Amino acid sequence: QVDLVESGGGWVQPGGSLRLSCAASGTFFMVHSMGWFRQVPGKQREMVAMTDTTDDPRYADFVKGRFTISRDNAENMWYLQMDDLEIEDTAVYYCHAVGWTSLYWGQGIQVTVSS
C-alpha cells in the first residue's frame, strides 16, 4: 500500500507560480512511475506530467514548457513546479503513482488561477 499526500496548492494570479509537492509513504519500492494529474468539474482527469525511476519526464501538450516535474528519491517525494500559470490551469491536482500491480492517488489539492 502506498499513501500519497499533496501540498502546495492555493490561489495565484495569472502569470504566477506554484510548486506542488507529493509525499509518499508505505511500500514505495513497488512504485516505478509517479506524477501529476488534474481534473476540473465535468471533465475527465488528465495527465499533467509523469516521470519514472529512470527520470524520463513526460508532459501534456498544454504544459508548453511551463511546468517541471522533479523528484527526491531519498525522501520519496516528487514535485511539480508550475510557472506562468494560466486561468485554464485552475483544477484539482492529484498526485499519482504507478506500482507493478496497483495505481495510487492522493486526495487532490486545489489550484486556482484568477485575477
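The values are calculated or read from the model by the stated rules, or taken from the named source; none is laboratory data. Here the structure is a predicted model, which means the values were calculated and not measured. In this analysis, Cβ positions are derived from the backbone assuming ideal geometry, glycine residues included, and neighbour counts consider all displayed protein chains. The area values use the complete protein model at the heavy-atom level, side chains included, leaving out ligands, DNA and RNA. Shrake-Rupley method; radii C 1.70, N 1.55, O 1.52, S 1.80 Å.
Can you pull out the residues in region 30-47 that are aliphatic (A, V, I, L, M), open to solvent by 50 Å² or more (accessible area, probe 1.4 Å) and over 12 Å from the mean Cα position of the chain (by Cα)?
Answer for region 30-47, where residues must be aliphatic (A, V, I, L, M), open to solvent by 50 Å² or more (accessible area, probe 1.4 Å) and over 12 Å from the mean Cα position of the chain (by Cα): just MET30.
Suppose the filter is under 27 Å from GLN1 (Cα atoms), hydrophobic (A, V, I, L, M, F, W, C) and in contact with a Lys or Arg (Cβ under 6 Å, 6 or more places away or on another chain); does PHE37 pass it?
Against the criterion (under 27 Å from GLN1 (Cα atoms), hydrophobic (A, V, I, L, M, F, W, C) and in contact with a Lys or Arg (Cβ under 6 Å, 6 or more places away or on another chain)), PHE37 qualifies.
I'd like to know if region 75-89 contains one or more residues that are touching a Pro at 6+ places or on another chain (Cβ under 9 Å), closer than 20 Å to VAL40 by Cα and among the aliphatic types (A, V, I, L, M).
Checked against the condition, which is being touching a Pro at 6+ places or on another chain (Cβ under 9 Å), closer than 20 Å to VAL40 by Cα and among the aliphatic types (A, V, I, L, M), region 75-89 yields at least one hit.
Which ones in region 48-97 are open to solvent by 30 Å² or more (accessible area, probe 1.4 Å), hydrophobic (A, V, I, L, M, F, W, C) and touching a residue at least 12 places away in the same chain (Cβ under 8 Å)?
PHE62, MET77, ILE87, VAL92
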